[in-house]
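All remarks here apply to the structure that follows.
The values are calculated or read from the model by the stated rules, or taken from the named source; none is laboratory data. None of these values were measured; they are calculated from a predicted model. FYI the Cβ positions are ideal-geometry reconstructions off the backbone, even for glycines, and counts take in every protein chain you see. Just so you know, the surface numbers come from the protein's heavy atoms only, side chains and all, with ligands and any DNA or RNA stripped out. Shrake-Rupley method; radii C 1.70, N 1.55, O 1.52, S 1.80 Å.
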Amino acid sequence: MNNLISPILNSWKVPELRRKILITGGIFVIFRLFAHIPIPGVDTAKLASLFAQNQFLGLLDIFSGGTLVNFSVMALGLNPYINASIILQLLTIVFPKLEELSKEGEYGREKINQYTRLITVPLAALQSIGMYALLKNQGIVGVGDPFTLISLILTMTAGTVFVMWLGELITSYGVGNGISLLIFAGIVGRFPVVIGQTISTVTAEVASNMMVFVGLAIAVIAATVTVNEAVRRITVHYARRIRGNKVYGGQTSYLPLRVNQAGVIPIIFAVSLVLLPSLVGGFLQQVREPILVNIGRFLTAVFNPNGISYNVIYFLLVIGFTYFYTAITFNPTKIAGEIQKYGGFIPGIRPGGPTAQYLNYILTRITLAGALFLGLIAVVPTLARQTTGVTTLLVGGTSVLIVVSVVLETVKALEAQLVMRNYEGFLKE
């Protein structure tokens, strides 16, 4: 705990870092104010009921930073931007020109960020239309004229662009990654409301299980920190080379392979896929065709979030997507080529193909541990509900993973800033 708090306290002593922290805090305030400015014509009571029954919308609300549940002017939040980033990351693997651009340092990153912003705008417009259609079918928004629909789409798209701009302001003038911090602010900002709901609804029987819940929460946080920081270090030796009168190489370094190489992305993919059948089933049950109604009932029963089949499928999908995403983001052949290019080798392993096979062998096995961890994190909310009986205050696996990751990332950024300013004395154990 001291390792987390000390960099923050010591950063406050540095005028420049204190200014960055204040700018970040000010942008948080602006973000939370706009998160409570609602779009007119929305039945907020029905909207809250819909979110309570639909986990997919709940996940979207997490990545909107808590703005979707209020259906504010920033209702879509960062969802289109995150989707655009994932799409562009996948396209980088498919198109060699984008891959070359990603390796061109600051210029390449800026161009990719620009492409991400351009893709975000049409995605925001499409998601606005989809959100309007969903809420219209549920009777949450009325049937308006085309002008009303256009103004709603423009408002939601502009809100996404605005919150994306706030995130980039934090990245440029504040502390840490702005997009991640805004998602973090949205999750943390809802804690008081959730805690208040829990206190008002907890019975004596449920209260006796609160210690179990607290213990489970601490265990989840501790496991998240441990797995996020866990790496397998591969020793790499570099041969000594002599050029003229200078000697190069002859050093030993380590190639760190993270246990959780994929982060939170597999949970996002898996939950989007596993919740889709129940969403389709709900719509099919409203039609008049008996066959479609029966199909809808079957889908709803099999993919009931409280059922065993749903959680087993969810768990297996998370494991599958963890391997898939790790495979497309970490290329052992390319890494082995880079090691060989600079005269490096892994002791006992020949350079080139054997090195790539060895890295793939190691990565496959440590990814299994990361995949099992993410799978457990994904089903923890259901386990917590069934174990404690607390239905309002759940250990949201995705939320915990995001919060812990952002806190660790921000603390490391502050530590790096302190080291750059020759304040190493602040970082003593």
(request) Any residue in the range 15-39 that's within 16 Å of LEU181 (Cα to Cα): show its pairings with residues that are open to solvent by 50 Å² or more (accessible area, probe 1.4 Å) and among the hydroxyl-bearing types (Ser, Thr, Tyr) at Cβ separation under 9 Å, as long as the two are six or more apart or on different chains. (result) LYS20/TYR173; ILE23/TYR173; THR24/TYR173; ILE27/TYR173
(request) Return a yes/no flag: does the range 324-347 have any residue that is farther than 22 Å from ILE366 by Cα, in a helix (DSSP H, G or I) and in contact (Cβ under 8 Å) with a residue 12 or more places away in the chain. (result) yes
(request) Identify, by number, the condition in (1) farther than 28 Å from THR364 by Cα; (2) in a helix (DSSP H, G or I) that PRO305 doesn't meet. (result) (2)
(request) For VAL194, state whether it is open to solvent by less than 70 Å² (accessible area, probe 1.4 Å) and at pLDDT 75 or above. (result) no
(message) I need the full set of residues from the range 233-259 which are more than 18 Å from THR355 (Cβ to Cβ) and at pLDDT 85 or above, in order please.
(response) ARG258, VAL259
(message) Pairs please, first residue from the range 208-232 and at pLDDT below 80, second anywhere and loosely packed, with under 15 Cβ neighbours inside 10 Å and of a type in the set (Gly, Ala, Ser), Cβ atoms under 6 Å, 6+ apart in sequence or on different chains.
(response) none
(request) Return the only residue of GLN114, GLN127, GLN138 being modelled with pLDDT of 85 or more and either in contact with a strand residue (DSSP E or B) (Cβ under 7 Å, 6 or more places away or on another chain) or open to solvent by 30 Å² or more (accessible area, probe 1.4 Å) (or both). (result) GLN114
(request) Output the residue which, of all residues in the range 59-92 that are assigned to a helix (DSSP H, G or I) and of a type in the set (Ser, Thr, Tyr), is modelled with the highest pLDDT. (result) TYR81
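Okay, residues lined up against (1) open to solvent by 50 Å² or more (accessible area, probe 1.4 Å); (2) touching a helix residue (DSSP H, G or I) at 6+ places or on another chain (Cβ under 8 Å); (3) farther than 25 Å from ALA239 by Cα:
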position	(1), (2), (3)
THR326	no, yes, yes
THR333	yes, yes, no
TYR342	yes, no, no
PRO351	yes, yes, no
LEU359	no, yes, no
ILE362	no, no, no
ILE366	no, no, yes
GLY370	no, yes, yes
LEU374	no, yes, yes
(request) Report the residue count in the range 149-160 for those that are surrounded by fewer than 16 Cβ atoms within 10 Å (Cβ to Cβ) and in contact (Cβ under 8 Å) with a residue 12 or more places away in the chain. (result) 1
